[in-house]
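Everything on this sheet refers to the single structure shown next.
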Amino acid sequence: MPEIHHHEPPYTVGYFVGSLATASINRTLSKALIKLAPKELEFTEIPIANLPLYSYDYDNDYPAEGRALKEAIASVDAVLFVTPEYNRAIPGALKNAIDWASRPWGQNSFARKPSAVIGASIGAIGTAVAQQNLRSVLSFCDSPQMNSPEAYIQITPGLITDDGEVTNESTKEFLTGYMNSYFEFITRVLTVIPKP
Ligand code: FNR
């Protein structure tokens, strides 16, 4: 039985934006989430755009981008995925980053790292299929995930301003609740499952 100890807040959160697009609605959503989150959470983006395409040929000698990714994940208490759905799955760039972080074998960066997923789409099902896809990947990567609430965000023009202000009150309330739940979830995981 490991010794139970408490990791007190504030907690650091590394967030991934699954889109590389300059006008990404998921990047806009990430700005809104940061604004609405409890003050006990401190956010830093974990960039994915400059990673080469992963191959296990790199496993013996990770390039700087791969090492930086793994160090960034190691240095945060939890991760948050804000991702679009491309062709009913997560974008290749995000899957590539996850593959990099999951290796070399035995050094999976996501093991026991609490996570949550959320996404925005212009379509009505709001990235639901991509999120299920991502949840399968994170399960395999041994990341404890926030199961509930789920958040499938359909973006309509003006719903979130470019600097991340949510203009619709009920959406704002919903996203605030989501981030409060995420904070509680991180607290539970870091309390019950202490970091090694
Ligand atoms: C999409 N889009 C999309 N939307 C969706 O709800 N389900 C899907 O499967 C897809 N598939 C898809 C594939 C590709 C290649 C693109 C470029 C787009 C539309 C998507 O929701 C929209 O482009 C969003 O703006 C994507 O989010 P970002 O990249 O702006 O954050």
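Spatially, the stretch 76-150 and the stretch 21-73 are offset by 12 Å when compared through their Cα centroids. Here's the picture: charge each Lys and Arg Cβ at +1 and each Asp and Glu Cβ at -1 in the stretch 1-117, and of Ser55, Ser19, His7 the one pushed furthest to the positive end of that dipole is Ser19.
Taking the highest mean first, how do the peptides 78-91, 10-23 order by number of other beta carbon atoms within 10 angstrom per residue?
On the way: 78-91: 22.4, 10-23: 18.3.
Descending mean neighbour count gives 78-91, 10-23.
Just the Cα atoms of the stretch 49-89, one point each, no solvent: what log10 I(q)/I(0) does Debye give at q = 0.18, 0.25 Å⁻¹? Calculated log10 I(q)/I(0) at the listed q: -0.72, -0.97.
Ranked by the mean number of other Cβ atoms within 10 Å of their residues, highest first, the peptides 55-66, 176-187, 111-122 fall in the order 111-122, 176-187, 55-66. For the chain, a Gaussian network of Cα nodes joined below 10 Å ranks Ser170, Ser102, Ser24 by mean-square fluctuation, and the top entry is Ser170. More than 17 Å apart: what percent of Cα pairs in the stretch 1-134 qualify? In whole percent, the share of Cα-Cα pairs in the stretch 1-134 beyond 17 Å is 61.
Taken about its Cα centre, the stretch 12-70 carries a charge dipole of about 400 debye when Lys and Arg each add +1 at the Cβ and Asp and Glu each add -1 at the Cβ.
Values quoted throughout were computed directly from the atomic coordinates according to the rules given, and no laboratory measurement underlies them. As the structure is a computational prediction, the values presented were derived from the model and not from experiment. With ideal geometry, Cβ positions are generated from the backbone for all residues, glycine too; neighbour counts draw on all protein chains shown.
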